[in-house]
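Visitor: Can you keep this structure in mind? I'll have questions shortly.
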Amino acid sequence: QELLRVMRTIDDRIVHELNTTIPTASFVGKIDAGQTCKELYQSLMDAHTSRERIIKNCIAQTSSVVKTLREERDKAQEDVSLLKQLRKEQTKLKLMQSELNVEEVVNDRSWKVLS
């Protein structure tokens with residue numbers, strides 16, 4: 001979650017980025033607004049793609065751990081520590097899956113601002 005928070009900085013600062021990207025009247029000739037907007041667009045695309053990849057990778061890894069723990073629990077149903085570990089991993093999996101929804105909202109907001 002900390003990594004995602006840091007990686008979402010570009011989205012959190014999208015208005016500031018646009019304000020510094022689009023030149024004022026005195027800087028129109030000195031800065032290529034089209035090029036800087038393209039660069040901002042590409043940075044945003046790269047950030048969104050990498051965050052989605054990271055979240056999906058975490059979901060896949062956690063799903064694998066949950067599956068393994070379920071199989072172990074089925075074999076040893078009285079093992080309380082195994083059940084606690086399974087619950088902990090299931091909670092982590094739900095949290096990661098909810099991050100996909102958060103990511104969708106963050107991305108949508110950024111694209112609306114950029115548009």
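The values are calculated or read from the model by the stated rules, or taken from the named source; none is laboratory data. Quick caveat, the model's predicted, so the values are computed rather than measured. Don't worry about glycine lacking a Cβ; one is built from the backbone with ideal geometry, like all the others, and counts go over all protein chains shown. The accessibility values were calculated without ligands, DNA or RNA, using every heavy atom of the protein model including side chains. Shrake-Rupley method; radii C 1.70, N 1.55, O 1.52, S 1.80 Å.
Visitor: Which angle from 0 to 90°, rounded to the nearest 10, does the C-alpha axis of helix 33-75 make with the longest principal axis of the chain?
Guide: 0
Visitor: Angle, helix 80-114 long axis vs. longest principal axis of the chain, Cα atoms, 0 to 90°, nearest 10?
Guide: For helix 80-114, the angle is close to 20 degrees.
Visitor: A further question on this structure: Using +1 on the beta carbon of Lys and Arg, -1 on that of Asp and Glu, and nothing else charged, what's the dipole of the chain about the Cα centre, debye to 20?
Guide: Computed about the Cα centre, the dipole is about 180 debye.
Visitor: Find, among the trypsin sites (Lys or Arg not before Pro) in segment 1-110, those assigned to loop by DSSP (not H, G, I, E, B) with at most 16 other beta-carbon atoms within 10 angstrom. If you can, show how the numbers build up before the last one.
Guide: Numbers: sites: ARG5, ARG8, ARG13, LYS30, LYS38, ARG51, ARG53, LYS56, LYS67, ARG70, ARG73, LYS75, LYS84, ARG87, LYS88, LYS92, LYS94, ARG109; in loops: ARG8, ARG13, LYS30.
When the trypsin sites (Lys or Arg not before Pro) of segment 1-110 are filtered for loop state and at most 16 Cβ neighbours within 10 Å, ARG13, LYS30 remain.
Visitor: Computed FRET efficiency, Cβ-Cβ of ARG5 and THR36, R0 25 Å: what is it to the nearest 0.05?
Guide: On the way: r = 26 Å, r/R0 = 1.03.
Rounded to the nearest 0.05, the efficiency is 0.45.
Visitor: Rolling a 1.4 Å sphere over the protein heavy atoms, what is the accessible area per residue of the chain, to the nearest Å²? Display every interim value, and only then the final one.
Guide: Working: 8000 Å² over 115 residues.
Averaged over the residues of the chain, the accessible area is 70 Å².
Visitor: What FRET efficiency comes out for LYS84 versus ALA60 if R0 is 25 angstrom and r is the Cβ-Cβ distance? Round to the nearest 0.05. The partial results should precede the final answer.
Guide: Values: r = 23 Å, r/R0 = 0.91.
Calculated value: 0.65.
Visitor: Per q in 0.15, 0.19 Å⁻¹, report the Debye log10 I(q)/I(0) for the chain, using one uniform scatterer on each alpha carbon and no solvent.
Guide: Each listed q maps to, in turn, -0.74, -0.96.
Visitor: Where does each of LEU44, LEU83, LEU114, LEU3 land when they are ordered by accessible area, with a 1.4 Å probe and the largest first?
Guide: Output order, biggest surface exposure first: LEU3, LEU83, LEU114, LEU44.
Visitor: What is the calculated FRET efficiency for ASN19 to SER50, with r their C-beta to C-beta distance and R₀ = 30 Å, to the nearest 0.05?
Guide: Details: r = 24 Å, r/R0 = 0.81.
Using R0 = 30 Å, I get an efficiency of 0.75.
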